[in-house]
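Here's the structure we're looking at; comments come further down.
Just so it is clear, none of the values below were taken in a lab; they were calculated from the coordinates. All values reported here derive from a predicted model rather than from experimental measurement. No Cβ is skipped: glycine too gets one built from the backbone with ideal geometry, and neighbour counts run over all protein chains shown.
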């Protein structure tokens, strides 16, 4: 095999070969014994393994048999508890939603109570205002009566009915509203305005809850009337009303009348100031000069 020449027979030592053969044979026998010992040991171990496997299987079966009655119910209880937990969570979610709904309900209920309180207060206010309105309507009725009495006392041929409107509190004469009477101008408008203003003045002085000024300024009350006997008589009646007011209320009122002619009647209640080009101002009131005053129309424009 190694391509070397075989040794010469003379070079071979039979004793050495025999010794080597014997040693190898001894080694083979030792190996066989070790193999047999190992196989026996392996067999023993396999048998032991089988025995242990059988024991484990037996113990497992015994454990299953012993724990079947104890563990299985707990598994059922755990499953039932899990189901119960899920149900309770669902209930909690439902209750949470209900709680939010009840919170809204409580808010709505509070709003309802507040609205009811407001409604009670409004009803109370309506009742009070209704009572005040009734009282005011009574006052308006009294004012209407006084206005009608004064206007008809002047013996105006065109006066048939004279009242104060309960909604606008303005004069209505012969069914014609105040705006129409004003538009007509002349003696009709002047007479109605005079009667209305004088009635309001006296009514405010007689009734403290009627808030009207106690000052009345009348400009040219006779300008719209004629100058015949009936007109002069009517002017005298108007000035008689002025005197009656002055005598009745004294310093409680201030009545200023600007007229082109002297009063048609005499009275110690009147104070007279005459103006002309030489004396255009109220006595005792100095004029500050043309550069120190502003015309009323200029103030209105600004």
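Of all DSSP bridge pairs formed entirely within the chain, close to 45 percent run antiparallel.
Simple spin-label estimate for residue 277 and residue 212 gives 4.0 nm between the two label positions (7 Å along the Cα-to-Cβ direction from each Cα).
If I take R0 = 25 Å and measure r between the Cβ atoms of residue 35 and residue 55 in this structure, what FRET efficiency does the formula 1/(1 + (r/R0)^6) give, to the nearest 0.05?
Efficiency for this residue pair is about 0.25.
Which FRET efficiency value, to the nearest 0.05, is calculated for residue 23 and residue 65 with the Förster distance at 45 angstrom and r the Cβ-Cβ distance? That gives a FRET efficiency of 0.10.
Only helical runs count toward this figure. For the chain, summing -39,500 (n - 2.57) over DSSP H runs of n ≥ 4 and dividing by all residues gives -24000 deg cm²/dmol at 222 nm. Legend: Rg and Dmax of region 151-252, from Cα coordinates, 13.9, 42 Å.
One decimal place: the segment residue 123-residue 110 gains 2.7 nm when fully extended, by the rule 0.36 nm per residue minus the C-alpha distance.
Placing one equal scatterer on every Cα of region 140-194 and applying the Debye formula, the log10 ratio I(q)/I(0) at q = 0.18, 0.24 Å⁻¹ is -0.51, -0.93. Shown here are the Rg and Dmax of the Cα trace of the chain, at 66.2, 202 Å.
Packing-based ranking of 201-212, 251-262 yields 201-212, 251-262, ordered from highest to lowest mean Cβ neighbour count within 10 Å. Each 5 Å bin from 0 upward holds the following percent of the Cα-Cα pairs of region 90-182: 3, 11, 12, 11, 8, 7, 6, 6, 6, 5, 5, 5, 4, 4, 3, 2, 1, 1, 0. The relative contact order of the chain, computed from alpha carbon pairs under 8 Å that lie at least 6 residues apart in sequence, is 8 percent. Distance between the pseudo-spin-label points of residue 93 and residue 259 (7 Å out from Cα toward the beta carbon): 9.6 nm. Once the Cα atoms of helix 14-153 and of the chain are each reduced to a long axis, what angle between those two axes, in degrees from 0 to 90 to the nearest 10, is obtained? That helix lies at roughly 10 degrees to the long axis.
Modelled this way, with points 7 Å down the Cα-to-C-beta line, the labels at residue 149 and residue 176 are 2.6 nm from one another. Relative to the longest principal axis of the chain, what angle (0 to 90°, nearest 10) does the C-alpha long axis of helix 186-206 take? That helix lies at roughly 70 degrees to the long axis.
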